[in-house]
Amino acid sequence: MRARIAAGLARYGLDPGKAEALAVYGALLLETNRVMNLTAITDPADVATLHMLDCAALPAHWDLRGRRLIDVGTGAGFPGLVAAILVPDCAVTLLDPLEKRLGFIRSVIETLGLPNVSLLHARGEDGGRDPALREAFDFAAARAVADLTVLGELCLPFVRVGGRFLAMKTVDSQGELDAARPLLGQLGGRPEAPVDYTIPSTQVTHRVWPITKVAPTPVNFPRRWSKIRKK
């Protein structure tokens, strides 16, 4: 796993010396996955590429140094924990509604000694209404956890004006973006040109939609989860 990650990081122009920490993370993920459902990807080579190197595309394409990033719906730590390992001076907040997943992430943080990571046990729509978190981040990121219309409402309230929401999606997500565009505008977001990348050592191409925050999000967003789902 370590060698595959190191080669991929080098191809991205990132520090291959971080491969050891990412490999430890991957090994802990697979060990914990035996007793807790964290990932459907169980082959170590695929963990290296489809998790670690896929998430490494964010710091490969955006300068996260000295920035604040929140990962909304982080799950097992993707993409935020990978970004935190690769960019030690990026302050990363990992938000998830399930404490048991955050417990796993806590064990990774303690094993690797990551002082730049904080955990937030909350739902996205609740965190986005917290005055201490609202429009407090340079970047918000989410990795294919929901439709872009939903993700925009959950993530953009966290982003300061001038910051970006980075939505990690598949390359066939243009229709999703088109459908979300009106609501993204209401939320203060402006979609930019997508960034496509091929994960090193694979034939898999993914896409990131950068949504720049150009105006404050109205106070009535995010709505309650029941309303988001209904409308």
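The values are calculated or read from the model by the stated rules, or taken from the named source; none is laboratory data. Worth saying up front: this structure is predicted, and the values here are computed from it rather than measured. So basically every Cβ, Gly included, is an ideal-geometry build from the backbone, and we count neighbours across all protein chains shown.
Name, by its number, the condition in (1) at pLDDT 95 or above; (2) in contact with a strand residue (DSSP E or B) (Cβ under 7 Å, 6 or more places away or on another chain); (3) surrounded by fewer than 19 Cβ atoms within 10 Å (Cβ to Cβ) that does not hold for Ala142.
If we test Ala142 against (1) at pLDDT 95 or above; (2) in contact with a strand residue (DSSP E or B) (Cβ under 7 Å, 6 or more places away or on another chain); (3) surrounded by fewer than 19 Cβ atoms within 10 Å (Cβ to Cβ), just (3) comes out false.
Quick test of your reading of the structure: Asp89 fulfils all but one of (1) within 24 Å of Thr170 (Cα to Cα); (2) under 17 Å from the mean Cα position of the chain (by Cα). Name the failing condition by number.
(1)
Are any residues in the range 55-85 buried (at least 23 other Cβ atoms within 10 Å of the Cβ) and part of a helix (DSSP H, G or I), and if so, which ones?
Passing the criteria: Cys55, Ala57, Leu58, Pro59, Gly80, Leu81, Val82, Ala83, Ala84, Ile85.
Between a residue in the range 133-150 that is in contact (Cβ under 8 Å) with a residue 12 or more places away in the chain and any residue that is surrounded by fewer than 18 Cβ atoms within 10 Å (Cβ to Cβ) and small (Gly, Ala, Ser), which pairs come within a Cβ distance under 7 Å, given they are 6 or more apart or on different chains?
Close Cβ pairs satisfying both conditions: Thr149/Ala179.
Looking at Ser201, is it free of Cβ contacts under 8 Å to residues at least 12 places away in the same chain and surrounded by fewer than 17 Cβ atoms within 10 Å (Cβ to Cβ)?
Values: free of Cβ contacts under 8 Å to residues at least 12 places away in the same chain: no; surrounded by fewer than 17 Cβ atoms within 10 Å (Cβ to Cβ): yes.
So Ser201 fails the test.
Given the criteria farther than 25 Å from Phe221 by Cα and in contact with a strand residue (DSSP E or B) (Cβ under 7 Å, 6 or more places away or on another chain), does Val159 qualify?
Working: farther than 25 Å from Phe221 by Cα: no; in contact with a strand residue (DSSP E or B) (Cβ under 7 Å, 6 or more places away or on another chain): yes.
Judged against the criteria, Val159 is not a match.
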